[in-house]
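Enquirer: Please find one structure pasted underneath; my questions will follow.
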Amino acid sequence: MNATTNPTPASHWRRNRTLYLLLAVCVAPVLASYFAYFVVQPAGRTNYGDLILPQRTVPALGLARLDGTRVEMAALRGRWVMLHVDDAACDAACRRKLWNMRQVRLTQGKDRDRIERVWLITDAAPVETMLLREYDGTLFLRANRAELDAFLALPADPGARLTDHIWLVDPLGNLMLRWPKNEDPNGMKKDLTKLLRASRIG
């Protein structure tokens with residue numbers, strides 16, 4: 001009986017080097033955009049949102065469209081995704097977030113098609129028809145609140161709530177940025193413009 005020979009690290013690299021090189025080519029632009037924007041900053045330049053560290057890959061969340069069709073965030077890979085969380089009643093702060101996400105996307109001009117808007121709705125109540133019409137183009141997705149609590153990164157403030165913030169997911173499916181409570185759309189626009197300019201993925 002012939003003994004099975006374990007592959008050496010060198011032979012493993014030779015066999016898989018094309019895969020590794022392809023992976024590096026795909027990941028490098030996004031990592032470079034993070035480095036250029038958040039690390040190599042000229043004096044006086046600061047980002048408005050908070051970078052999420054350590055990086056969090058979006059997990060398989062139990063999401064569904066309003067008609068009950070199941071959907072995964074993975075379907076949005078390749079796009080920058082602004083998302084916020086609230087219940088279907090959508091109070092004034094919720095509506096402000098929907099407005100700001102729409103307007104900030106529009107300010108990106110020809111790059112706006114690289115951006116998706118997602119509202120994660122944490123209950124089963126109906127969404128107002130006029131709201132659906134006004135923010136047509138937003139993905140309205142039912143979500144499990146417990147799953148979001150475990151995944152979304154809140155600031156250290158003990159009073160912080162998921163509904164306070166808008167988050168940004170990168171084209172590789174990583175939660176990367178959290179904008180502050182009572183977000184300033186001008187600050188959001190500047191962050192997003194710089195990231196889109198620095199990375200051609202998405």
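Enquirer: Residues with amide H under 5 Å of E116's amide H, sequence separation 5 or more or different chain, H placed in the peptide plane at 1.01 Å from N; which?
Expert: Sorted by chain and number, the residues that satisfy this are W80, V81, M82.
Enquirer: Going by amide H atoms built from the backbone, whose H comes under 5 Å of the H on N174, apart from near neighbours?
Expert: Sorted by chain and number, the residues that satisfy this are V58.
Enquirer: May I pose another question? So between R65 and D123, what do we pick up on full extension, going 0.36 nm a residue minus the alpha carbon distance?
Expert: Length gained, R65 through D123: 19.6 nm.
Enquirer: Counting heavy atoms of the protein chains only and a 1.4 Å probe, report the per residue accessible area for the range 154-201 as a whole number of Å².
Expert: 41
Enquirer: What list of ³J(HN,Hα) values in whole Hz, one per residue of the range 183-190 in order, does the Karplus curve 6.51 cos²θ - 1.76 cosθ + 1.60 (θ = phi - 60°) give from phi, with Gly and Pro shown as x?
Expert: Rounded to whole hertz, the list is 3, 9, x, 5, x, 4, 4, 5.
Enquirer: Under 5 Å between amide H atoms, partner at least 5 residues away or on a different chain: which partners does Y48 have, H built in plane at 1.01 Å?
Expert: Amide H to amide H, under 5 Å and 5 or more residues apart or across chains, Y48 pairs with D191.
Enquirer: Tell me the accessible surface of K194 in square angstrom (1.4 angstrom probe, heavy atoms of protein chains only), to the nearest ten.
Expert: Result for K194: roughly 50 Å² accessible.
The values are calculated or read from the model by the stated rules, or taken from the named source; none is laboratory data. On a predicted model such as this, the values are computed, not experimentally measured, just so you know. SASA here: full protein model, heavy atoms, side chains in, ligands and nucleic acids out. Shrake-Rupley method; radii C 1.70, N 1.55, O 1.52, S 1.80 Å.
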